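The values are calculated or read from the model by the stated rules, or taken from the named source; none is laboratory data. Because the structure is a prediction, the values reported are computed rather than measured. Please note: Cβ atoms are built from the backbone with ideal geometry, for glycine as well, and neighbour counts cover all protein chains shown. Protein only, heavy atoms only, side chains kept; ligands, DNA and RNA dropped before computing areas. Shrake-Rupley method; radii C 1.70, N 1.55, O 1.52, S 1.80 Å.
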Amino acid sequence: MARKLLIVANWKMHLNVSQASLLVHRLQERTRIHRDIEVVLAPSMLALQPMSTQIDRRKFRLAAQNAYHKDEGAFTGEVSFTMLRDIVHYVIVGHSERRIYFNESLDMIRDKVQAAIRNDITPILCVGETKHEREEGLTKQVLHDQVTSALSNLTTAEVANVVIAYEPVWAISTFGGELAKPREAEEAITFIRAQVESLYGSHTASMIRVLYGGSVDEHLVRGYLEIDGCDGALVGGASINPYKFAGIIESAYRMQHEPGHEEK
Ligand code: PGA
């Protein structure tokens, strides 16, 4: 079965509710209905509910940027996956900003991935090495540890539903934004899929979607989408600009509809 291309907009802590609504309006005007591409918007927690009634569901789905792994209880300030389950299809888990600024550990991320699946929400698990780790030759070790521990409480069938985003920390715009060469992204994506294959088998490895993220914009996206095994992009900075983000979706669409384009 072909894996559907997935383009995710991570708005991070930008845009209040009315600004988010305006951006949705602008994106909706500039985006066609694409049956072969899934476009997901991840606004702030506050904007999710109003956006769920505003979006054209033929064009967009919603994701949360984070959630807490317990379903309910005395956890002041947190929002659970259970509370989100009727609003979002996806939740971003383990983004490097959460690992670095909020000290999210491998165990916490494993619990969040499990809580997402338990609540029928697809986790978009972010993994990636820092600049220092890459320079020390630790990239594969880091990816191995992040992938294996995050998936460790899932069944094989559940793993097939997870989305993994390879986001080298050094390539994220706010952490330096050094551009990853498509060859570097390809190596990591191939390695991630090989890890999944060795743990859960080739069928699961062929089902799981792996995205690339890190300074993706409307000009660069194509180079990453053409990578063998890359099923889409996680976009930060460029996703809060309607021209850029609509350009990214359009570029993905054009690539898919070129003569000779093979389904992955
Ligand atoms: P960026 O962010 O596209 O601004 O580099 C990507 C991300 O942090 O998910």
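Before moving on, here are some points about what is shown:
- Mean accessible surface per residue for the chain, computed with a 1.4 Å probe while every protein chain stays in place, in Å²: 47
- Across the chain, Cα-Cα pairs farther apart than 22 Å form 52% of the total.
- Nearest-0.05 FRET efficiency for Y253 and S173, computed from C-beta distance (R0 30 Å): 0.80
- Residues whose amide H lies under 5 Å from that of L6, counting only those 5 or more places away or on a different chain, are E38, G232, A233; hydrogens are built 1.01 Å from N in the peptide plane.
- Compactness relative to 2.2 N^0.38 Å, alpha carbon Rg of the range 116-226: 1.06
- Shown in residue order for the range 148-160 are the 3J(HN,Hα) couplings computed by the Karplus curve 6.51 cos²θ - 1.76 cosθ + 1.60 at θ = phi - 60°: 5, 6, 5, 8, 5, 9, 9, 7, 4, 5, 5, 4, 4 Hz (x for Gly and Pro).
- Accessible-area composition of the range 158-264, carbon plus sulfur, in percent [1.4 Å probe]: 50
- Per-residue ellipticity at 222 nm, computed for the chain from helices alone with -39500 (n - 2.57) per DSSP H run of at least four residues, works out to -12500 deg cm²/dmol.
- In this simple spin-label approximation, Y101 and M13 carry label points 7 Å from Cα along the Cα→Cβ vector, and these lie 0.4 nm apart.
- Here the Kirkwood formula puts the hydrodynamic radius of the range 27-137 at 15.3 Å, using every distinct Cα pair.
- Packing, as the average of other Cβ atoms within 10 Å across residues, places the peptides 174-185, 119-130, 199-210 in the order 119-130, 199-210, 174-185, highest first.
- Shape descriptor for the range 12-86: Rg over Rh equals 1.02 (Cα atoms; Rh from the Kirkwood inverse mean 1/r).
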